[in-house]
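Participant: My structure is below; once you've seen it, I'll send some questions.
The values are calculated or read from the model by the stated rules, or taken from the named source; none is laboratory data. Since we're looking at a predicted model, the values are computed, not measured. Because the Cβ atoms are built from the backbone with ideal geometry, glycine has one as well, and the counts that use them run over all protein chains shown.
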Amino acid sequence: MLDIFKKFVRKVFRDIFLRRKELKLGFYGPPNAGKTTLANKICKDWVGKDIGVVSEIAHETREVKVIDKVEIDYEGNKLTFAIADTPGIATKIDYEEFIKAGLKKTVAKKRAKEATRGVIDAIKWIDNMDVVVVVLDATKDPYSQVNITIIGNLQARNIPVLVVANKTDLKKANIKKVQAAFPQYDVVGMSAKKGKGMDAFYEALFALVG
């Protein structure tokens, strides 16, 4: 029954998307899940430039960044996207966490304020999205308040979603846990950092909107 529902939803959205020249594709998820790494990989492959900076310190991306007219050609099928890389969603941002990461107090406080504004903007931007890729760290428990909040916001707006279980190159990665947490969506396992799983990602993306 769930598979039949998924196919029906895909057909409805596909009919809508095919009438549009450019689809707004948003990358959402918690901090340091690999959103920017994946968005960079896609943008680098198709337009030759990164969309953002990657860092080991959380909330490197603190404002929504967009690259328009990213034309992806997958197995002879072409779609054009406006790709939006959004700040990591968090329920609480404490400047002391940045101090622990090695930042000075003044810089940490500034980063925390910017990150808080970024989360608010990211949630506001959901209404602009035609489709969303939710990037999750497959080594962590998917049943977090942040993940449930993100998925809940998307479900409330009936936005089509593809879930990426990222960091499968790490031993603790568990794709099945992510699939069990969000069975209503297709889940693709991959390592954005190493570029592994891109074919499966594009196949799932085009199946959703192509």
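Participant: Could you list all residues from the stretch 112-122 that are surrounded by fewer than 16 Cβ atoms within 10 Å (Cβ to Cβ) and over 15 Å from Val66 (Cα atoms)? Lay out the reasoning, then the answer.
Facilitator: Step one: of the stretch 112-122, the residues surrounded by fewer than 16 Cβ atoms within 10 Å (Cβ to Cβ) are 113-114, 117, 120-121.
Residues satisfying the conditions are Lys113, Glu114, Arg117, Ile120.
Participant: Conditions first: (1) in contact (Cβ under 8 Å) with a residue 24 or more places away in the chain; (2) over 14 Å from the mean Cα position of the chain (by Cα). Lys113 passes all but one, so which condition is the exception?
Facilitator: (1)
Participant: Continuing with this model, one more query. For the subset of the stretch 157-178 comprising residues that are in a loop (DSSP other than H, G, I, E, B) and under 16 Å from the mean Cα position of the chain (by Cα), which member is surrounded by the most Cβ atoms within 10 Å (Cβ to Cβ)? Explain how you work it out, then say what you get.
Facilitator: The first filter runs over the stretch 157-178 and keeps only residues in a loop (DSSP other than H, G, I, E, B), leaving 157-160, 167-174.
Next, from what is left, pick out any that are under 16 Å from the mean Cα position of the chain (by Cα): 159-160, 167-168.
Working: Ile159: 17, Pro160: 21, Lys167: 24, Thr168: 20.
If we take residues in the stretch 157-178 being in a loop (DSSP other than H, G, I, E, B) and under 16 Å from the mean Cα position of the chain (by Cα), then Lys167 is surrounded by the most Cβ atoms within 10 Å (Cβ to Cβ).
Participant: Find the residue count for the stretch 91-122, including only residues that are under 30 Å from Phe206 (Cα atoms) and at pLDDT below 90. Working first, answer last.
Facilitator: Taking the stretch 91-122 first, the residues under 30 Å from Phe206 (Cα atoms) are 118-122.
From the residues that got through so far, the ones that are at pLDDT below 90 too are 118.
Counting residues in the stretch 91-122 that are under 30 Å from Phe206 (Cα atoms) and at pLDDT below 90 gives 1.
Participant: How many of the residues making up the stretch 34-58 are at pLDDT 90 or above and either over 27 Å from Tyr143 (Cβ atoms) or in contact with a helix residue (DSSP H, G or I) (Cβ under 9 Å, 6 or more places away or on another chain) (or both)? Lay out the reasoning, then the answer.
Facilitator: At the first step, the residues of the stretch 34-58 found to be at pLDDT 90 or above are 34-51.
Remaining after also requiring either over 27 Å from Tyr143 (Cβ atoms) or in contact with a helix residue (DSSP H, G or I) (Cβ under 9 Å, 6 or more places away or on another chain) (or both): 38, 40-51.
Residues meeting the conditions: 13.
Participant: So Lys92 fits all but one of (1) within 22 Å of Val64 (Cβ to Cβ); (2) crowded, with 16+ Cβ neighbours inside 10 Å; what number is the exception?
Facilitator: (2) is the only condition that Lys92 fails.
Participant: How about the stretch 88-102: which of its residues are of a type outside the set (S, T, N, Q), in contact (Cβ under 8 Å) with a residue 40 or more places away in the chain and under 25 Å from Ile151 (Cα atoms)?
Facilitator: Hits for the stretch 88-102 are Gly88, Ile89, Ala90.
Participant: Sticking with this structure for a sec: Considering only the stretch 111-142, state which residues are in a loop (DSSP other than H, G, I, E, B) and β-branched (Val, Ile, Thr). Full working, then the answer.
Facilitator: Filtering the stretch 111-142 for residues in a loop (DSSP other than H, G, I, E, B) gives 129-130, 138-142.
Across the stretch 111-142, the qualifying residue is only Thr139.
Participant: Okay, moving on. Only residues in the stretch 36-61 that are more than 19 Å from Leu103 (Cβ to Cβ) count as the first member; pair them with residues that are basic (Lys, Arg), Cβ under 8 angstrom, at least 6 apart or cross-chain, and list the lot.
Facilitator: Once the first residue is more than 19 Å from Leu103 (Cβ to Cβ) and sits in the stretch 36-61, its partners that are basic (Lys, Arg) give Thr37/Lys193; Cys43/Lys49; Val47/Lys69; Asp50/Lys44; Ile51/Lys65.
Participant: For residues in the stretch 59-89 being surrounded by fewer than 19 Cβ atoms within 10 Å (Cβ to Cβ) and part of a loop (DSSP other than H, G, I, E, B), which is modelled with the lowest pLDDT?
Facilitator: Ranking the candidates gives Glu60 first.
Participant: Give me the pairs, please: first residue somewhere in the stretch 179-206 and in a loop (DSSP other than H, G, I, E, B), second residue anywhere and surrounded by fewer than 19 Cβ atoms within 10 Å (Cβ to Cβ) and among the basic types (Lys, Arg), beta-carbon distance under 9 Å, and either six or more positions apart or on two chains.
Facilitator: Qualifying pairs under 9 Å: Gln184/Lys6; Tyr185/Lys6; Met190/Lys196.
Participant: Can you name every residue in the stretch 159-178 that is free of Cβ contacts under 8 Å to residues at least 40 places away in the same chain and more than 16 Å from Leu25 (Cβ to Cβ)?
Facilitator: Once the filter is applied, which keeps residues that are free of Cβ contacts under 8 Å to residues at least 40 places away in the same chain and more than 16 Å from Leu25 (Cβ to Cβ), the stretch 159-178 yields Ala165, Thr168, Asp169, Leu170, Lys171, Lys172, Ala173, Asn174, Ile175, Lys176, Lys177.
Participant: Need the failing condition index for Gln145 against (1) under 20 Å from Asp45 (Cα atoms); (2) in contact with a Ser or Thr (Cβ under 8 Å, 6 or more places away or on another chain); (3) modelled with pLDDT under 95, just the number.
Facilitator: The one condition Gln145 does not meet is (1).
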